[in-house]
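Data block below; observations after.
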Amino acid sequence: MPLLDVDHLTIEIPTEAGLLHAVNGVSFTLERGETLAIVGESGSGKSLTSLALMDLLPSRAVRKARSMRFDGIDLMAAGRREMEDLRGDRMAMIFQEPMTSLNPAYTVGDQLTEALRRHRPVSRAEARDRAVHLLERVGITAAASRLGQYPHQLSGGLRQRVMIAMGLMCEPDLIIADEPTTALDVTIQAQILMLLRDIQREFGMGLILVTHDLGVVARVATKVAVMYAGRLIETGPVEAVFGAPSHPYTQGLLRAIPVPGRTRPGEPLGTIPGQVPNLIGPLAGCAFRNRCDRATEACAAAIPERDLGPGHRMACVLDPVAVPA
Amino acid sequence: MLAFLLRRLAVALSVVLTVSVIAFLLLHLSGDLATDLAGPEASPEQVARVRVEYGLDQPLMVQYGQWLAGAARFDFGRSFYFRESVASLLGDRIPITLKLGAIALGLALAVAIPLGALAAVKRGSWFDRAALAFCALGQAVPTFWLGLTLIIIFAVNLRWLPVSGNATWSHYVLPSVALGWYAIPAVMRLTRNGMLDVMASDYIRTARAKGLRPHTVIFKHALRNAVVPVVALAAVQFGFMLGGSIVVEAVFSLQGLGQLAWEAIARKDFPVVQAIVMLLATIYILLTFLADLLNAWLDPRIRVA
Amino acid sequence: MSTTSASASAPAAGFDPVPVRRSPLARFTKRATRHPGFMAGAVLLAVILVLSIGAPLFTAHDPYAQDISRRLIPPVWHDKGSWEHWLGTDKLGRDYFARLLYGGRISLMIGAATVLLSGIIGTALGVAAGFFGGRVDMVIGYIINVRLALPVVLVALAVAALVGTSLNTVIVVLGLLLWDRFAVVARSTTQQIAHADFVGAARAIGCSTRLIVFSEVLPNILNPLIVVATLEMAHAILLEAALSFLGLGVQPPLPSWGLMISEGKQYMFFSPWVITIPGVALVALVLGINLLGDGLRDVTAPDNRS
């Protein structure tokens, strides 16, 4: 039984202009010990997908799915209290903005221990010990003295480490990290990523990493899911997707980003011309066809998913061609 | 922090001084006080005697200097009408007005903060709409008319509470409601807006991601932050209430500062009027100063800056 | 998510950009008519405006004509009421409905005149503070602090007592006291505008300060100032009523609503309607203006946050 099994997740948001199809029939699975990277540009629905797993979507967003199971638990059928019991205990989340994701009015220690004491019958002192232990584990020096500090007294990198420690308090089975390094300095980004990878291996958790940075994916993930305009257009093991990108969008993405060992020095990077379609109202056929240089009339019809190899799927009617150069 | 404190204190002091100049000039530039004081039938000699007696023959600057020097020691001179020291008059009346203001503020906060928070949490519901409608209606009701209407309903028709006076605590109920009423919409809206902002913030999402129960999220994580600006508003409102108590005290015949001010104005008893303007302004400035300190204590980010 | 905030200029659906553009007036009308508070306030205010300005059309009675034989006649819904004086008469036998209508004129006039005066003072101070910043800002901020420290009712009463009570005194005193919110709002909005690119551009091409203030700054801060004006108008009307109630505002025999309540106070135990009727009128007027102002704020907000 996979740790997480998402089948046909759909998120719709009613707006003044009409129904926004933010996420459209996304399916994937995740095993313990695996790291799935969900990649896509902003607005592709990758963050909403991760929030939907935790049932943390904005209240007006409507979540639908054929099925969505976490360790056998039907998340679609779970009630509010059941979800609250899961959140922070068996599934934890790390957000993009460490600067604003901690409550300015409470100390780091209070916010850390609160996560444990909510789910476990432990004493204040026990919770404190675990907090110190985890702060040390995520690489914070003088951990005990940090407990009395307020978030504004810490740098962005430290706050994100605190957020990671907070996610680990109950030793969850699944950690979802939504662009955990975007708001940080480049030098800190690598440290936080390696920390996440090491912790994921050490604790044997499932890790979902939401990112728009393909360099991150290559270094950390075992599986990758590429999203475009609310759809999952290509998914598979990292080696398969990066080694033989098949969807024209994935190919375009990889051309646009320098990947160590693939991009030759001095070679111009590719671009994808055109704009992401507006997702308000119905949108038939392939969402990428207005930007795809290989688009044909067949692209306007419904797009079936095709198997390309073990676990490697894509949503495109065209036969994959090898990436030029 | 200390530099911030000292700067705030310096500004507060200079505002007090400016107000004292205004209060002084306001009443001394408006005609010949001695003629007013001596009465319409007084002979020129009597007027001249009154002028010397009250020091009104001195240059304006000297008079101001003497008055300010006295005011600093809470000596505001003698009342023209009561022939006793203004300070002792004030001393008798201040407790009544402070009591009225404190009860009114407590009442307003006790009603407005929970209602505002609940309206934000249940945004768009019938409760939220009703709360907003109540705000709009509440702000439209004149204080003195509300006071009279409360008297008609609760004192005359239902006979639950006394009509006027300040003998017992029950005498303060209706005046406090009338005085506190006007502050409710402002506090409620600020709480509601603050809660809406805070509930949409990233750290509330973090709190929910930890699996905290809704009441922990709302009361521990949201309300604490949403209520910070309310503190400053409450201080300002308390200042307004002391100033506005003049109307309420007139309606309920409460012998407080406001009633004294009203009588003093009607009798052209300038030392008393001046003293009350000064006192209310100083209290207001002190309150906003304290509110800043309290804010700094509530919000750790300001505390360090 | 950037896609959730799809604006009117973005493509409507799918791939084809279909820009939807409406004129500002049409957009205002559409939003306004959908805002129940705004509409309620507008209707309420319109009714009061028509009734007060067209007072002679709605009543044949003279609001000043006394008739001692017809004192304190109750309104028509009481047993002793009659349609002759359908809202009754006051202690001097004057028709209450006529006094109510003519009293509305006084409230509206005081509200409008006060706001005009305080609006000019506050806007001038606020724009100067926001535009020039630095020392000018400090001095004006200080003036605002001093003004806020002065107890409004007390100072207004004292001044009225000193210079003599009259309609004009009330207007001038309130106008000189109620400018603070204009100044605060004008200051903060001007600060935003003063740093905007188009003001920098205007400076770069050598426009004079006066031209920039009048052609770039004022038009852009007008909406929030109009909202303040409505709320301050309500404030001024309430204060006038309070001053008149305390006997230091509008003087008899003028039919101010606050004065009507004051004059009726001694009869309220046996004839409560003498204070209920003008009180309800005050509430209706102030409520109408406040609803309109709040609605205006929502309707003219740059973007509807849903």
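The set of residues from region C:254-278 being surrounded by fewer than 24 Cβ atoms within 10 Å (Cβ to Cβ) and in a loop (DSSP other than H, G, I, E, B) comprises C:254, C:268, C:269, C:270, C:271, C:272.
The residue of region C:137-154 that is nearest to the other protein chains (Cβ to nearest Cβ), among those that are over 14 Å from residue C:184 (Cβ atoms) and surrounded by fewer than 20 Cβ atoms within 10 Å (Cβ to Cβ), is C:138. How many of the residues in region A:135-166 are among the β-branched types (Val, Ile, Thr) and in a helix (DSSP H, G or I)? Number of matching residues: 2.
On the given criteria, is residue A:54 of a type outside the set (D, E, K, R), within 18 Å of residue A:175 (Cα to Cα) and either at pLDDT 90 or above or buried (at least 19 other Cβ atoms within 10 Å of the Cβ) (or both)? Yes.
Quick one: what pairs do we get from region C:267-296, first residue farther than 17 Å from residue C:103 by Cα, second outside any helix (DSSP H, G or I), C-beta under 6 Å, 6+ apart or different chains? Qualifying pairs under 6 Å: C:271/C:72; C:295/C:35. Restricting region C:226-275 to residues that are more than 19 Å from residue B:136 (Cα to Cα) and among the hydroxyl-bearing types (Ser, Thr, Tyr) leaves a set whose member that is nearest to the other protein chains (Cβ to nearest Cβ) is C:262. Across region B:218-232, a minimum of one residue is classified as within 14 Å of chain C (Cβ to nearest Cβ) and assigned to a helix (DSSP H, G or I). Sub-6 Å Cβ pairs linking a first residue in region B:146-158 that is of a type outside the set (A, V, I, L, M, F, W, C) to a second residue that is assigned to a helix (DSSP H, G or I), at least 6 apart or interchain, are B:147/B:178; B:147/B:248; B:147/B:251, ordered by first then second residue. Restricting attention to region A:20-41, does a residue exist that is within 15 Å of the chain's Cα centre (by Cα) and among the basic types (Lys, Arg)? For region A:20-41, residues within 15 Å of the chain's Cα centre (by Cα) and among the basic types (Lys, Arg): absent.
Scan region A:167-183 and give yes if some residue there is under 28 Å from residue A:9 (Cα atoms) and in a helix (DSSP H, G or I), otherwise no. Looking for residues that are under 28 Å from residue A:9 (Cα atoms) and in a helix (DSSP H, G or I), one finds at least one in region A:167-183, hence yes. Within region B:198-217, take every residue that is closer than 16 Å to residue A:84 by Cα and of a type in the set (Val, Ile, Thr) and give me the one that is nearest to the other protein chains (Cβ to nearest Cβ). Looking at the filtered set, the residue picked out is B:206. The condition of being touching an Asp or Glu at 6+ places or on another chain (Cβ under 7 Å) and not aromatic (Phe, Trp, Tyr) holds for only one of C:274, C:213, C:283, that being C:274. Would you check if residue A:77 is over 25 Å from residue A:188 (Cα atoms) and assigned to a loop (DSSP other than H, G, I, E, B)? Taking the combined requirement at face value, the residue satisfies it. For region A:158-209, a tally of residues being basic (Lys, Arg), surrounded by 21 or more Cβ atoms within 10 Å (Cβ to Cβ) and away from every other protein chain (no Cβ under 14 Å) returns 1. Kindly establish whether residue A:69 is assigned to a strand (DSSP E or B), crowded, with 16+ Cβ neighbours inside 10 Å and charged (D, E, K, R). Answer is yes for this residue. Selection of region A:23-37 for residues being at pLDDT 90 or above and within 14 Å of chain C (Cβ to nearest Cβ) yields only A:23.
Flag: residue A:40 matches the condition of being surrounded by 24 or more Cβ atoms within 10 Å (Cβ to Cβ), more than 8 Å from chain B (Cβ to nearest Cβ) and touching a His at 6+ places or on another chain (Cβ under 8 Å).
Give region A:91-130 a look and list any residue that's in a helix (DSSP H, G or I) and of a type in the set (A, V, I, L, M, F, W, C), or say none. Within region A:91-130, A:108, A:112, A:115, A:116, A:125, A:127 meet the criteria. Residues that are in contact (Cβ under 8 Å) with a residue 12 or more places away in the chain and more than 14 Å from chain B (Cβ to nearest Cβ) within region A:110-129 comprise just one, A:128.
Taken together, B:4, B:24 contain a single residue that is more than 21 Å from residue C:176 (Cα to Cα), aromatic (Phe, Trp, Tyr) and either assigned to a helix (DSSP H, G or I) or modelled with pLDDT of 75 or more (or both), which is B:4. The set of residues in region A:43-54 that are of a type outside the set (S, T, N, Q) and at the interface with another protein chain (Cβ under 9 Å from one of its Cβ atoms) comprises A:43, A:45, A:48, A:51, A:54.
Of the residues making up region C:54-88, those that are surrounded by 11 or more Cβ atoms within 10 Å (Cβ to Cβ), among the hydrophobic types (A, V, I, L, M, F, W, C) and farther than 14 Å from residue C:272 by Cβ number 6.
Could you go through region B:125-144 and let me know if any residue there is free of Cβ contacts under 8 Å to residues at least 60 places away in the same chain, assigned by TED's automatic domain parsing to the domain that holds residue B:186, assigned to a loop (DSSP other than H, G, I, E, B) and more than 28 Å from residue C:265 (Cβ to Cβ). The answer is yes; a qualifying residue exists. In the set (1) modelled with pLDDT under 90; (2) within 14 Å of chain B (Cβ to nearest Cβ), the condition left unmet by residue A:155 is number (2). One residue stands out in region C:112-136 among those that are in contact with a Gly (Cβ under 7 Å, 6 or more places away or on another chain) and not small (Gly, Ala, Ser): the one that is surrounded by the fewest Cβ atoms within 10 Å (Cβ to Cβ), namely C:117. Selection of region C:34-70 for residues being part of a loop (DSSP other than H, G, I, E, B) and either within 20 Å of residue C:257 (Cβ to Cβ) or touching a strand residue (DSSP E or B) at 6+ places or on another chain (Cβ under 6 Å) (or both) yields C:54, C:59, C:61, C:62, C:63, C:64, C:65, C:66. Looking across region B:256-278, just one residue is facing chain C (nearest Cβ under 9 Å), assigned to a helix (DSSP H, G or I) and surrounded by fewer than 21 Cβ atoms within 10 Å (Cβ to Cβ), and that is B:266. If you filter region C:1-29 down to residues that are more than 10 Å from every other protein chain (Cβ to nearest Cβ) and surrounded by 12 or more Cβ atoms within 10 Å (Cβ to Cβ), you find that the one that is modelled with the lowest pLDDT is C:27.
The values are calculated or read from the model by the stated rules, or taken from the named source; none is laboratory data. Fair warning: this is a prediction, and the values are worked out from it, not measured in the lab. Ideal geometry is used to build each Cβ from the backbone, glycine not excepted, and the neighbour counts take in all protein chains shown.
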